1. Charges at C-beta only: +1 for Lys and Arg, -1 for Asp and Glu. How large is the resulting dipole of segment 6-95 about its Cα centre, in Debye rounded to 20?
2. Tell me, what ³J(HN,Hα) does each residue in segment 30-45 have, in order and in whole Hz, if you take phi through Karplus 6.51 cos²θ - 1.76 cosθ + 1.60 with θ = phi - 60° and put x for Gly and Pro?
3. With an 8 Å cut-off on Cα pairs and a minimum separation of 6 or more residues, tell me the relative contact order of segment 1-144 in percent.
4. Just how large is the dipole of the chain about the Cα centre, in debye to the nearest 20, putting +1 at every Lys and Arg Cβ and -1 at every Asp and Glu Cβ?
5. Can you give me the relative contact order of the chain as a percent, contacts being Cα pairs under 8 Å and 6 or more apart?
6. Does segment 1-78 come out rounded, prolate or oblate, given a ≥ b ≥ c as the square roots of the eigenvalues of its C-alpha gyration tensor, rounded meaning a/c under 1.5 and, failing that, prolate meaning a/b above b/c?
7. Show me the three semi-axes of the equivalent ellipsoid for segment 100-241, from the C-alpha gyration tensor (sqrt of 5 times each eigenvalue), largest first, rounded to whole Å.
8. Before rounding to the nearest 500, sum -39500 (n - 2.57) across all DSSP H runs of length at least 4 in the chain and divide by the residue total; then give [θ] at 222 nm in deg cm²/dmol.
Amino acid sequence: MAHKTEALFRDDAYLGTADATVVAVNDRGGIILDRTVFYATSGGQPGDTGSLERADGTGIAIAATITGETKDEIIHVPAPEQTVPKVGERMRLAIAWPRRQLLMRMHSACHLLTVVCPFPITGAAVSEDDSRIDFDIPDAGFTKEDVTARLMELVRADHPIFTRLISDEELASNPGLVKSKNVRPPAGTGKIRLVCIGVNASIDSQPCGGTHVKSTSEIGEIHIGKIEKKGRENRRFRIRFGPMPPA
């Protein structure tokens, strides 16, 4: 039977710690809690790492966070040779915040790239220092320099980033909100989470369950490191932190 974990990060991505209770430990040692600040791998964003602290002060290092039978079941995967807690134990949770913050900044940067390049997305992967988005573009017609300049305009404008919920019906009546060519947001729950950029979502709005910063200025300096041809109608854009290196 799948368990439902309260995902605290969906309402506040800046929560780094929390208290929770162990509700299950699966046959592979994965720990399931009643609530968590740990983001589980999904949508191209890797899951959080960090630690769980037991009442006696001993710690359990968490090497990965994944989903279980459903998206609502979040499994904390201990590093090798860690003690497994018992059901009912209270734990103090702490994510590896510097890593999460980098992922939040990167994920937000990826959203900006979909604004600059408004084409169907065929794939994406977020990491701490080098992320990618694949677009369905027959002929890119873009340069690294031009895309970087447009991205940095959006970053420096300090646009707010926030979330809101819409119904399945609202999403169905606005199909343009979905930018992915192959992946559809989960339907049937009655609530679709949108990540919006700009006052009144004037810059962008799209379904996403990931974690993001509160404003574009928090992303910091970014640049396009490479634009690769990955097929007749596929171009891969790689985003990196920092200024663009000299040619």
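1. Result for segment 6-95 is approximately 100 debye, rounded to the nearest 20.
2. x, 9, 10, 10, 6, 8, 7, 9, 7, 6, 8, 3, 5, x, x, 9
3. About 23 percent, as a whole number.
4. Dipole about the Cα centre, nearest 20: 440 debye.
5. After rounding, I find 19 percent.
6. Because its axes are fairly even, with a/c under 1.5, segment 1-78 counts as rounded.
7. Working through the eigenvalues yields semi-axes of 23, 19, 13 Å.
8. Using -39500 (n - 2.57) per qualifying helix, the result is -5000 deg cm²/dmol.
Since every read-out is calculated from the coordinates, none of them should be taken as a lab result. Please read these numbers as outputs of a predicted model, since none were measured by experiment. No Cβ is skipped: glycine too gets one built from the backbone with ideal geometry, and neighbour counts run over all protein chains shown.
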